[in-house]
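Notes to accompany the following structure.
The values are calculated or read from the model by the stated rules, or taken from the named source; none is laboratory data. As the structure is a prediction and not an experimental result, all values here were calculated from the model. Glycine also receives a Cβ, built like all others from the backbone with ideal geometry; neighbour counts cover every protein chain displayed. When the accessible area is computed, the model is the full protein with side chains, heavy atoms only, and any ligands, DNA or RNA have been set aside. Shrake-Rupley method; radii C 1.70, N 1.55, O 1.52, S 1.80 Å.
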Amino acid sequence: MAAHHRSVTLAALLLLAASAPAAAQGAPARGEIRGRVVTASNQAPINLATVVVSTPGTTAPVARTMAAADGAFQVGGLRPGRYRLRILAIGYAAKELPVTINASSGPVTVGNVTLTAVAVELQSLEVTGKRQDIQLAPDRSTYVVRDMPTTRGGTALDLLRNVPSVDVDIDNIVSLRGNSGVIVQINGRPSPMKPAQLGNFLAQLPAGIVDRIEVVPNPSAREDPTGTAGIINLVLKQDADAGTSGGFTVAGGTTGQVNLGANLGYQRGPLTLYGSYGFLRDRRPRSDAIFRQNLYADPITYLDETGARMQLPHAHTMTGSLNYDLSKHDELALDGLFSTRDQQDTYVLVYRNLNAARTLTGLSDRTTSGKGNESSLEGTLGYRHSFAAKGHKLSSELTFTRDQEGGPGSVVARTLALDGTPLGASALENQTAWERPREGSLKADYVRPLNQHLKLEAGYKGSLLRIHTTLNTEVFDQTDNAFRPDSSRIRDFTWRQLVNAGYAILDAQAGKVTLQGGVRVERATTRFHLNTIGATYENPYTSVFPSGLVAWNVDDAHQIKLSYSTRIRRPDDTDVLDPTPHYQDPLNLSVGNPHLKPEYIRAFELGLQRTSERMTIQLSPFYRHTIDAVRTIRSIDGAGVTTRTFANIAATDAFGADATVALTGGPLSGFVGASAFRQVSDASNVGPGLNARTFGWTARTNASYRFSKTFDAQAILSYRGPTTVEQGRNAGQTRVSLAARKKLMNDRLSLTLRIIDPFNTSLESNTTIDPRFTQVTDRRRKIRGLLLNVNWMFGKPKEESEPIDPTPP
């Protein structure tokens with residue numbers, strides 16, 4: 001019996017020994033590559049760099065990951081063998097490294113992988129190295145815009161129209177997922193300009209000085225919480241390649257647009273300098289039409305109003321940056337932006353009063369003309385210190401902005417006979433309006449890894465915003481033959497907002513799962529003072545903004561994330577707050593509400609992402625619950641004068657989804673995106689009949705085709721579906737833009753031809769429905785035309801296109 005047991009045991013041992021190699025062969029791979037991506041100029045970390053691992057002689061990736069905020073990366077699950085490591089980052093030349101993993105060795109460390117910044121270029125020339133035009137990170141999506149032919153010679157608003165889920169209306173108001181409560185930042189800093197003023201600034205900011213656009217739909221507690229829809233950050237070009245580099249651009253079109261610009265960069269040792277200048281002249285005609293059915297009288301009457309507006313803007317924009325490495329661990333940065341703009345503006349309105357049979361009963365017109373002047377000045381001084389421990393750093397930033405907008409204007413109003421002949425004397429007015437925002441802020445951010453898997457972030461920001469607005473109106477007195485002040489149309493008020501905020505965030509990494517939780521606490525004090533009557537409205541409040549993120553990297557190609565944030569939309573637009581009647585024209589008034597409360601938004605978002613060698617698919621369902629949402633309310637009186645005012649409604653609930661499919665790496669590249677949302681508004685606290693159930697959707701495609709190394713073309717098509725809103729409905733809208741580009745002189749010179757709005761579809765239409773009136777408003781910008789752009793750059797390094805020997809030394 002003992003012999004039998006010994007034979008069984010021996011057989012088992014032989015079987016285990018025989019199966020050991022096979023088991024080892026089928027065991028999970030444990031090889032790992034570690035490293036850190038930094039800049040070649042100052043060894044600063046490059047976050048969001050893409051790391052692709054493939055085998056020599058093939059293009060299909062074996063593994064893929066993205067560098068963390070401190071530039072560190074690690075790729076695991078690799079079998080023993082030889083690999084090719086490729087590092088890509090926006091604005092930097094790609095780099096390849098051969099790596100060998102041995103069965104007996106531990107993790108392979110490649111150390112600091114240095115990337116060289118590509119030469120900056122004013123008008124979207126091709127950059128050195130292959131890179132991804134779209135990068136989807138857990139908290140944001142980044143879009144490279146420097147290589148979009150359809151934006152050549154255009155403005156920042158043309159760039160935003162190229163980004164999925166972003167829309168720009170005819171008044172240059174930017175929205176995200178149908179929500180205009182988005183915050184637009186420049187280099188990560190919000191502007192104190194109100195939406196209309198900011199839109200005009202972006203309409204005159206040359207596209208060529210913008211490097212990339214970041215969309216953060218659900219920001220963490222680290223970010224400023226303002227904005228109901230999230231953040232859109234325009235990152236301006238600030239990097240320079242080693243030595244001297246730069247470029248020039250000249251563009252002109254049949255629309256009367258002229259765009260000139262230049263940029264120059266210099267980098268040597270610890271010093272990096274960059275500067276750019278852009279000039280824009282344009283011709284922007286617009287036509288308006290309003291048809292109103294007045295139901296307050298019996299029989300009903302009608303108003304047929306048509307308008308023609310011509311704007312002739314001239315803009316000069318300058319940017320500059322200086323970076324100096326004080327030491328290995330200390331960096332000083334100075335950034336500046338200055339823009340000055342003047343605009344001739346003429347607006348002619350014709351009013352036709354109709355009876356119930358739609359027969360003309362009255363005729364009048366109103367001509368407004370003036371010269372607007374705008375300027376923006378922003379300066380930032382930054383300091384950054386990196387401690388000896390990896391990822392341990394402290395940064396601070398002092399920022400100030402000074403803006404102004406306004407100028408003189410005149411109004412001529414006439415009563416006409418039915419045949420158009422003027423009747424009697426004209427009504428004459430002179431107006432001078434100015435708005436001057438001033439803001440200063442100080443912020444500090446501290447990051448410290450607590451261990452290999454846990455990181456702490458904390459910070460403080462204090463800001464003081466002051467806006468002074470004045471409006472003087474003088475009416476011509478026919479009796480005295482002189483202009484006299486109109487006391488009912490004088491505005492003089494000051495609005496001030498002081499905000500102190502602190503935040504703390506914990507980041508944790510548990511295998512393939514990333515966890516983030518944070519909270520931001522703010523104390524805000526606002527003061528709205530009407531100097532004309534001495535009235536003051538104050539509103540101090542404290543807010544708490546929690547945020548959270550859970551991201552699971554299922555494998556190198558799939559990621560699932562869930563995020564939550566609390567946002568706020570402060571009533572800081574002075575036109576929305578000022579209770580003084582503001583005359584758009586005698587039949588259309590706007591009256592602000594100084595008692596408005598801030599909106600609070602609780603937002604959830606689920607992100608599903610799949611990435612392959614050439615394609616990225618992202619699906620993002622979202623839900624937002626808004627308390628005290630600010631809405632526009634319109635009413636009409638017995639004289640036919642429509643008044644627009646603002647109110648806090650009880651709540652709104654919005655839910656929907658974004659879907660984006662991006663294709664890169666081949667002759668055909670671009671993306672197809674769609675967004676759909678439904679919103680339910682509870683406005684029962686304001687009045688009956690104002691509740692609304694809204695469904696809206698948008699679709700957009702941006703496709704580029706490379707016919708050869710020197711010739712490519714691009715087409716953009718977007719459609720926004722009709723949407724039901726409070727008191728009415730917005731019609732659908734279509735936009736089309738085409739472009740072709742030819743590269744010459746080894747890519748240093750390029751010619752781009754753009755076709756703007758070829759089908760003349762730049763029309764916005766909406767219908768207002770109220771028990772006392774219905775109104776259809778149509779507005780059209782006449783922007784159809786051709787634009788030719790010529791761009792030349794110098795200092796561009798040679799492409800790193802030579803094959804790398806995959807065999808390790």
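Return yes or no: is Ile505 under 30 Å from Ala413 (Cβ atoms) and of a type outside the set (Lys, Arg)? Considered against the rule, which asks whether it is under 30 Å from Ala413 (Cβ atoms) and of a type outside the set (Lys, Arg), Ile505 comes out as no. Selection of the range 690-722 for residues being surrounded by fewer than 20 Cβ atoms within 10 Å (Cβ to Cβ), assigned to a strand (DSSP E or B) and not aliphatic (A, V, I, L, M) yields Arg693, Thr694, Phe695, Trp697, Thr701, Tyr705, Arg706, Phe707, Ser708, Phe711, Tyr719. Taking the range 666-679 as the region of interest, how many residues are part of a strand (DSSP E or B) and either in contact with a Phe, Trp or Tyr (Cβ under 6 Å, 6 or more places away or on another chain) or open to solvent by 40 Å² or more (accessible area, probe 1.4 Å) (or both)? Final tally of qualifying residues: 5. Among the residues examined, Arg484 does not qualify as under 30 Å from Phe622 (Cβ atoms) and assigned to a strand (DSSP E or B). When Asp575 is tested against (1) closer than 30 Å to Leu471 by Cα; (2) open to solvent by less than 30 Å² (accessible area, probe 1.4 Å), only condition (2) is not met. Each residue in the range 472-505 was checked for being touching a helix residue (DSSP H, G or I) at 6+ places or on another chain (Cβ under 8 Å) and over 27 Å from Ala524 (Cβ atoms), and 1 of them qualify. Of all the residues in the range 394-412, those that are hydrophobic (A, V, I, L, M, F, W, C), closer than 30 Å to Thr368 by Cα and open to solvent by 70 Å² or more (accessible area, probe 1.4 Å) number 0. Cβ-Cβ contacts under 6 Å between residues 6 or more apart (or on different chains), taken from a first residue in the range 735-759 that is more than 15 Å from Ile716 (Cα to Cα) to a second residue that is open to solvent by 40 Å² or more (accessible area, probe 1.4 Å) and of a type in the set (Lys, Arg), are listed as Leu751/Lys742. Under the condition of being aliphatic (A, V, I, L, M) and open to solvent by 40 Å² or more (accessible area, probe 1.4 Å), the residues counted in the range 298-308 number 2. Restricting attention to the range 766-790, the residues being closer than 23 Å to Asp167 by Cα and open to solvent by less than 30 Å² (accessible area, probe 1.4 Å) number 4.
Taking the range 367-393 as the search range and keeping residues that are of a type in the set (Ser, Thr, Tyr) and open to solvent by less than 30 Å² (accessible area, probe 1.4 Å), which one is nearest to Leu416 (Cα to Cα)?
It comes out as Ser375.
Considering every residue within the range 115-127, establish whether at least one is at pLDDT 75 or above, open to solvent by less than 40 Å² (accessible area, probe 1.4 Å) and either under 19 Å from the mean Cα position of the chain (by Cα) or on the phi < 0 side of the Ramachandran plot (or both). Yes, the range 115-127 has at least one match. Residues in the range 309-337 that are open to solvent by less than 40 Å² (accessible area, probe 1.4 Å), under 22 Å from the mean Cα position of the chain (by Cα) and of a type outside the set (S, T, N, Q): Ala315, Gly320, Asp335, Gly336, Leu337.
Filtered by the rule that a residue be small (Gly, Ala, Ser) and open to solvent by 20 Å² or more (accessible area, probe 1.4 Å), the range 611-646 gives Ser612, Ser635, Gly638, Ala639. Of note, Gln559 satisfies the criterion of being touching a Gly at 6+ places or on another chain (Cβ under 8 Å) and surrounded by 16 or more Cβ atoms within 10 Å (Cβ to Cβ).
Taking the range 470-491 as the region of interest, how many residues are touching a strand residue (DSSP E or B) at 6+ places or on another chain (Cβ under 7 Å) and either buried (at least 17 other Cβ atoms within 10 Å of the Cβ) or among the β-branched types (Val, Ile, Thr) (or both)?
Count: 9.
Counted as qualifying within the range 501-578 are the strands (runs of 3 or more DSSP E) with 2 or more residues that are at pLDDT 90 or above, among the hydrophobic types (A, V, I, L, M, F, W, C) and within 19 Å of Leu454 (Cβ to Cβ), namely 513-530, 535-553. For the range 262-278, taking the residues that are farther than 16 Å from Leu236 by Cα and part of a strand (DSSP E or B), the one that is least open to solvent (accessible area, probe 1.4 Å) is identified as Gln267. When each of Ser395, Ser410 is tested for being small (Gly, Ala, Ser), under 26 Å from the mean Cα position of the chain (by Cα) and in a strand (DSSP E or B), the lone residue that passes is Ser395.
Could you please find all residues in the range 338-362 being aliphatic (A, V, I, L, M) and open to solvent by 30 Å² or more (accessible area, probe 1.4 Å)?
Answer for the range 338-362, where residues must be aliphatic (A, V, I, L, M) and open to solvent by 30 Å² or more (accessible area, probe 1.4 Å): Val348, Val350, Ala356, Ala357, Leu360.
Restricting attention to the range 145-189, and to residues there that are basic (Lys, Arg) and under 21 Å from Thr734 (Cβ atoms), which single residue is modelled with the lowest pLDDT? That would be Arg177. Residues of the range 413-422 that are open to solvent by 40 Å² or more (accessible area, probe 1.4 Å) and either in a strand (DSSP E or B) or farther than 16 Å from Leu360 by Cα (or both): Arg414, Thr415, Pro422. Tell me whether the range 441-451 contains one or more residues that are more than 30 Å from Ala510 (Cα to Cα) and touching a Leu at 6+ places or on another chain (Cβ under 6 Å). Within the range 441-451, one or more residues are more than 30 Å from Ala510 (Cα to Cα) and touching a Leu at 6+ places or on another chain (Cβ under 6 Å).
Would a scan of the range 502-511 turn up a residue that is loosely packed, with under 15 Cβ neighbours inside 10 Å, under 30 Å from His582 (Cα atoms) and not aromatic (Phe, Trp, Tyr)? Within the range 502-511 (the criterion being loosely packed, with under 15 Cβ neighbours inside 10 Å, under 30 Å from His582 (Cα atoms) and not aromatic (Phe, Trp, Tyr)), the answer is no, since none of the residues qualifies. For the range 654-661, state whether one or more residues are open to solvent by 30 Å² or more (accessible area, probe 1.4 Å), assigned to a strand (DSSP E or B) and of a type in the set (D, E, K, R). The answer is no, given that none of the residues of the range 654-661 is open to solvent by 30 Å² or more (accessible area, probe 1.4 Å), assigned to a strand (DSSP E or B) and of a type in the set (D, E, K, R).
Going through (1) open to solvent by 50 Å² or more (accessible area, probe 1.4 Å); (2) touching a Gly at 6+ places or on another chain (Cβ under 8 Å); (3) of a type outside the set (Lys, Arg) one by one, Leu456 falls short only on (2).
Is it fair to say Asp757 is charged (D, E, K, R), touching a helix residue (DSSP H, G or I) at 6+ places or on another chain (Cβ under 8 Å) and surrounded by 17 or more Cβ atoms within 10 Å (Cβ to Cβ)? So Asp757 does not fit the description; no.
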